[in-house]
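A short write-up of the structure that comes next.
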Amino acid sequence: VTADGAQFWNLDGFPVRKERHTVPWRLEDAIKEPYPTFMLKEIMEQAGVITNTIGGRVDFATGEVFLERLRMTAEEARQISRVAIVACGTSVYAARVGKYILETLARIPVEVDYASEFRYRDPLVDKQTVVLAITQSGETVDTLAAMEEARRKGASLWTIVNVAGSQADRRSDGVIHMHAGPEIAVASTKAFAASLVDLYLLGLYLGHLRGAISPRRGAELAHDLARLPFLAGEVLARDADCEELADRFLKVIQLRERRDDLPGELRRADCLYLARGINYPIALEGALKLKEISYIHAEGYPAGEMKHGPIALIDRDMPVVAIAVQDGVYNKMGNQIEQVKARNGRVFAIATEGDDTIGTQADHVVYIPQIAPLLAPVLTVLPLQLVAYHVAVKLGRNVDQPRNLAKSVTVE
Ligand code: M6R
């Protein structure tokens, strides 16, 4: 490589011609200033990332969607019998939200698998199956291996990917880019939001082609999407509320660590993240964010399963994060919060603006604006990212490069 360009040779010493590709990222995308960390920068960029991911792809009058590298006829879309999504880590939680989105909008059955499980379990896929990989880096070894397995079995291969030119991008028949820009912090944040938007676009695209969405419904769904960047900006502007929640959350954890009435092994902090329905994967993602950057153990759980075991954990030093926004399972979440309070647990809630009931039940609430339920996860995840971030910073952790973790897992 010289200042004038680059030359390539193969292992036998013969020159190789390479195609030139333009990377659509700007130099300033890779600079963290004025933020203290890349993670905070990437969290705060999300309203813009959502705008870029939607940009130029939606006809807001009809809800019809244009995807540059995924094109098919209505007949081909109707032939799809199911979608199997494969991914790892944060991307698999995006996939779980995607199941709700695609089943609702496109009326196609969707399965979600950890790529590391899918690749070894001799999965049942055929020519009518679409295997959809979700990957920020496009280089995660298990995801690539799951894609190979799907290809071997004759499935169509699609990917939702951030890094253009990555292996996942090059190996797929259909590609939807995230337009999140370079994600540098190890903990994934903005790529998650972009994946959810891409899944919504895919749902609209397939829903139209398969006749599952009328033009009128399409326009309503597109209208909901159009408001999303603005609403995400509103949530991010409530960072001070999230930091206050993080302060209180940490105090509860520290109380437990100082309790001398408990044997040593019970003094270690544990947190529960509860939600139901489409926000359940956000509970999983919120718990993962806390674990990976603060090293505090946290577990995401479907709230309806509490009584089958985890409720035994609740006591006065147990922080419980509950996502209780106004949707079809709101009342059920309210019941669960009461159950936790009845056992002296500490509840930190994410609720919808204007909801006065949750405020009287929970110890601290961060509010998000009203939003259509299918898009709510894009907003409910934001306070959880910020809370994890502030907890980790207050504990003096290296949030951009947490111990034992790599940005892209390229070995098994
Ligand atoms: O690049 P990918 O989306 O394929 O990466 C998958 C996971 O390795 C990644 O999401 C990991 O779990 C992050 N550290 C989560 O914040």
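Go through region 162-189 and report how many residues are part of a loop (DSSP other than H, G, I, E, B), in contact (Cβ under 8 Å) with a residue 24 or more places away in the chain and not small (G, A, S).
Of all residues in region 162-189, those part of a loop (DSSP other than H, G, I, E, B) come to 162-166, 172-173, 178-189.
Now narrow it down to the ones that are in contact (Cβ under 8 Å) with a residue 24 or more places away in the chain: 162-166, 172, 178-189.
Among the residues that remain, those that are also not small (G, A, S) are: 162-163, 178-179, 182-184, 186, 189.
Summing the residues that are part of a loop (DSSP other than H, G, I, E, B), in contact (Cβ under 8 Å) with a residue 24 or more places away in the chain and not small (G, A, S) in region 162-189 gives 9.
Could you grab me the full set of residues in region 293-314 that are within 13 Å of I253 (Cβ to Cβ) and either open to solvent by 40 Å² or more (accessible area, probe 1.4 Å) or aliphatic (A, V, I, L, M) (or both)? Break it down stepwise before answering.
Here is the first cut: in region 293-314, the ones within 13 Å of I253 (Cβ to Cβ) are 294-298.
Listed by number, the residues that qualify are Y295, I296, H297, A298.
What is the one condition in (1) of a type in the set (S, T, N, Q); (2) touching a strand residue (DSSP E or B) at 6+ places or on another chain (Cβ under 7 Å); (3) in a loop (DSSP other than H, G, I, E, B) that T22 does not satisfy?
Result: T22 fails condition (2) only.
Taking the stated definitions as given, is R227 of a type in the set (K, R), away from the ligand (no atom under 16 Å from the Cβ) and either outside any helix (DSSP H, G or I) or surrounded by fewer than 20 Cβ atoms within 10 Å (Cβ to Cβ) (or both)? Step through it out loud before you land on a result.
On the way: of a type in the set (K, R): yes; away from the ligand (no atom under 16 Å from the Cβ): yes; either outside any helix (DSSP H, G or I) or surrounded by fewer than 20 Cβ atoms within 10 Å (Cβ to Cβ) (or both): yes.
In short, yes.
If only one of A406, A349 is within 30 Å of Y35 (Cα to Cα) and at pLDDT below 95, which one is it?
Values: A349 fails: at pLDDT below 95.
Of A406, A349, the one residue that is within 30 Å of Y35 (Cα to Cα) and at pLDDT below 95 is A406.
Return the pairs, sorted by first residue and then second, in which the second residue is open to solvent by 10 Å² or more (accessible area, probe 1.4 Å) and in a helix (DSSP H, G or I), the first residue lies in region 320-348 and is on the phi < 0 side of the Ramachandran plot, the beta carbons are less than 6 Å apart, and the residues are 6+ apart or on different chains.
Here the result reads D327/P373; V329/G277; I337/Q361, each pair linking region 320-348 to a residue that is open to solvent by 10 Å² or more (accessible area, probe 1.4 Å) and in a helix (DSSP H, G or I).
Kindly list the number of the only condition in (1) surrounded by 24 or more Cβ atoms within 10 Å (Cβ to Cβ); (2) within 24 Å of R121 (Cβ to Cβ); (3) not polar (S, T, N, Q) that fails for L144.
Of the numbered conditions (1) surrounded by 24 or more Cβ atoms within 10 Å (Cβ to Cβ); (2) within 24 Å of R121 (Cβ to Cβ); (3) not polar (S, T, N, Q), the odd one out for L144 is (1).
How many residues does region 299-333 contain that are closer than 23 Å to E244 by Cβ and small (G, A, S)?
3
Pairs only if they're at least six apart or on different chains, beta carbon under 6 angstrom, first in region 12-24 and within 30 Å of V49 (Cα to Cα), second open to solvent by 100 Å² or more (accessible area, probe 1.4 Å); list them, first residue then second.
none
Quick one: A61 ticks every box in (1) farther than 30 Å from Q385 by Cα; (2) among the small types (G, A, S); (3) free of Cβ contacts under 8 Å to residues at least 24 places away in the same chain except a single one, so which number is it?
With respect to (1) farther than 30 Å from Q385 by Cα; (2) among the small types (G, A, S); (3) free of Cβ contacts under 8 Å to residues at least 24 places away in the same chain, A61 is out only on (3).
Cβ-Cβ under 9 Å, sequence separation 6+ or interchain: first residue in region 110-137 and open to solvent by less than 30 Å² (accessible area, probe 1.4 Å), partner aromatic (F, W, Y). Which pairs?
From residues that are open to solvent by less than 30 Å² (accessible area, probe 1.4 Å), the pairs are V110/Y100; V130/W158; V131/F118; V131/W158; L132/W158; A133/W158; Q136/F192.
Can you give me the number of residues within region 56-102 that are within 16 Å of the ligand (Cβ to nearest atom) and of a type in the set (D, E, K, R)?
1
For region 190-212, which residues satisfy the criterion of being in a helix (DSSP H, G or I) and either away from the ligand (no atom under 14 Å from the Cβ) or at positive phi (or both)? Write out each step before concluding.
We begin by selecting, within region 190-212, every residue in a helix (DSSP H, G or I); these are 190-209.
V197, Y200, L201, L202, G203, L204, Y205, L206, G207, H208, L209 - these are the residues of region 190-212 that are in a helix (DSSP H, G or I) and either away from the ligand (no atom under 14 Å from the Cβ) or at positive phi (or both).
Checking the condition within 26 Å of E103 (Cβ to Cβ) and in contact (Cβ under 8 Å) with a residue 60 or more places away in the chain, which residue from G304, G286 passes? Talk me through it step by step, then tell me what you get.
On the way: G304 fails: in contact (Cβ under 8 Å) with a residue 60 or more places away in the chain.
Testing whether each residue is within 26 Å of E103 (Cβ to Cβ) and in contact (Cβ under 8 Å) with a residue 60 or more places away in the chain leaves just G286.
How do the helices (runs of 4 or more DSSP H) wholly within region 294-412 filter down when requiring 2 or more residues that are small (G, A, S) and more than 16 Å from the ligand (Cβ to nearest atom): which remain? Give the derivation first.
Values: elements: 330-342, 356-361, 376-394.
By residue number, 330-342.
Starting from region 383-407, keep only residues that are open to solvent by 60 Å² or more (accessible area, probe 1.4 Å), then list their pairs with residues that are of a type outside the set (F, W, Y) and in a loop (DSSP other than H, G, I, E, B) whose Cβ atoms are within a distance under 6 Å, requiring at least 6 positions of separation or different chains.
Short answer, once both residue conditions are applied: Q401/V186; L405/V186; K407/V186.
The values are calculated or read from the model by the stated rules, or taken from the named source; none is laboratory data. Since the structure is predicted, the reported quantities are computational estimates derived from the model, not experimental observations. Here Cβ is always computed from backbone atoms with ideal geometry, including for glycine, and neighbour counts include all displayed protein chains. With ligands, DNA and RNA removed, areas are computed over all heavy atoms of the protein, side chains included. Shrake-Rupley method; radii C 1.70, N 1.55, O 1.52, S 1.80 Å.
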